[in-house]
Every structure is written in C-alpha cells, then in structure tokens.
Amino acid sequence: MPDPRIIAIELDAETMAARSDTAEAEREVAIRDLLATNHFAPKRPIARGHVGPYRVRLRIEESRLAIDIADEADAHLETIGLGLTRFRRPLKEYFAIYESYVRAVAQGNPAQIEPIDMARRGLHNSGAELLTDCLDGKVALDFDTARRLFTLISVLHFRG
C-alpha cells in the first residue's frame with residue numbers, strides 16, 4: 001500500500017554553519033511539523049516499485065542542493081540535485097527579513113513584529129512555490145511540506 005511521506009529527515013551536519021538559538025528552534029519546529037504530517041512522493045523510486053515511506057537527507061554538494069532519498073530501511077533510492085542559483089535571491093531576502101524579525105522580537109515590540117512576520121511568511125511561501133516548481137516531475141509534495149522543506153534548506157544556508 002502506498003505511503004508517500006517522509007518518516008525521517010536529516011540535515012547534513014558538515015553543510016550547516018553554526019546557528020543561533022532562534023534558527024535552531026525553527027529547524028526543530030520544521031522537522032517536528034514535517035514529520036507529523038507531510039506528502040512526499042518521489043516519481044522515480046515509485047517507478048522502481050517503492051511507494052514509501054521515505055528517509056530524506058538534505059545537503060549542499062558543489063553549489064547544489066542534494067536531496068538523498070532512501071526507503072524506510074535506509075537503502076538509497078536516488079539523489080535529486082537542484083541548482084542553488086535560483087534560490088539565491090529568495091534566501092537572501094528571507095534572511096534579511098528573518099534578521100529584522102529576530103531584532104523586533106528581541107525588542108518586544110508587537111507593532112513591529114506583525115508586519116515583519118507577514119513579510120517573512122510571504123517570502124517563505126514564495127520559496128515553497130519555487131521549491132515545488134523545481135521538484136515538478138521529480139517529487140510530488142503538498143504546500144505545507146514544501147514550506148517546511150524550504151525552512152530546512154534555509155537552515156543549511158544560514159550564516160548567523
């Protein structure tokens with residue numbers, strides 16, 4: 001019976017830079033929420049007979065995002081590579097807004113936090129749409145899964 005979902009996700013420790021407590025908290029929430037509910041259906045592993053669930057590892061390799069997909073026993077099924085050039089601008093904008101958000105939260109000013117958070121969510125949604133487009137024909141996923149994966153991709157790039 002098909003089970004198109006992620007049951008485990010890992011970010012490559014060698015790829016990740018040191019993160020702030022806030023970034024680490026975002027990573028933890030994204031992973032928890034992703035594992036609680038997601039839809040992730042690789043196209044090529046299904047053609048080879050595997051229909052889920054999946055273990056996923058995200059890493060950066062030679063300026064490309066590598067998405068390693070394995071079955072539940074951790075047997076490698078495939079690696080999907082995506083060029084990071086198309087993510088450069090959305091990530092840069094997301095980090096700029098993210099830094100403003102962290103400053104506003106530290107200052108405890110709700111009037112500043114709400115509009116910044118709305119802008120952050122908008123950029124996050126755009127990043128999720130871009131990821132969905134990039135994975136078209138490779139992986140079928142729902143919007144919430146794409147959003148959480150974009151969060152984890154941003155964690156791989158976070159330098160603050």
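The values are calculated or read from the model by the stated rules, or taken from the named source; none is laboratory data. Just so you know, these numbers come straight off a predicted model, no measurement behind them. Neighbour counts run over all protein chains shown; Cβ positions are idealised from the backbone, glycine included.
Against the list (1) more than 26 Å from ILE97 (Cβ to Cβ); (2) modelled with pLDDT of 85 or more, the condition ARG44 fails is (2).
Quick grid of which residues meet (1) in contact with a strand residue (DSSP E or B) (Cβ under 6 Å, 6 or more places away or on another chain); (2) in a strand (DSSP E or B); (3) under 20 Å from THR145 (Cα atoms):
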residue: VAL51; (1), (2), (3): no, no, yes
residue: ARG55; (1), (2), (3): yes, yes, yes
residue: ALA66; (1), (2), (3): yes, yes, yes
residue: ALA73; (1), (2), (3): no, no, no
residue: GLU78; (1), (2), (3): yes, yes, yes
residue: GLY81; (1), (2), (3): yes, yes, yes
residue: ARG88; (1), (2), (3): no, no, no
residue: GLU93; (1), (2), (3): no, no, no
residue: GLU99; (1), (2), (3): no, no, no
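A Cβ distance below 8 Å, combined with a sequence gap of six or more or placement on separate chains, defines the contacts here; from region 102-131, residues that are in a helix (DSSP H, G or I) reach residues that are surrounded by 14 or more Cβ atoms within 10 Å (Cβ to Cβ) and of a type in the set (Gly, Ala, Ser) in the pairs GLN112/ALA104; ILE113/ALA104; ILE116/SER100; ILE116/ALA104; GLY127/SER154; ALA128/ALA146; GLU129/ALA146; LEU131/ALA146.
What number of residues within region 132-144 are part of a helix (DSSP H, G or I) and out of contact with any strand residue (DSSP E or B) (no Cβ under 6 Å at 6 or more places or on another chain)?
Adding up the residues that qualify gives 4.
Restricted to region 5-41, and to residues that are of a type in the set (D, E, K, R) and assigned to a helix (DSSP H, G or I), which residue is modelled with the lowest pLDDT? Across region 5-41, the extreme among qualifying residues is ASP21. Just one of the listed residues (THR151, THR132) is modelled with pLDDT of 95 or more, under 16 Å from the mean Cα position of the chain (by Cα) and among the hydroxyl-bearing types (Ser, Thr, Tyr), and it is THR132. In region 79-101, how many residues are of a type in the set (D, E, K, R) and either free of Cβ contacts under 8 Å to residues at least 12 places away in the same chain or under 23 Å from GLY137 (Cα atoms) (or both)? Qualifying residue count for the region: 4.
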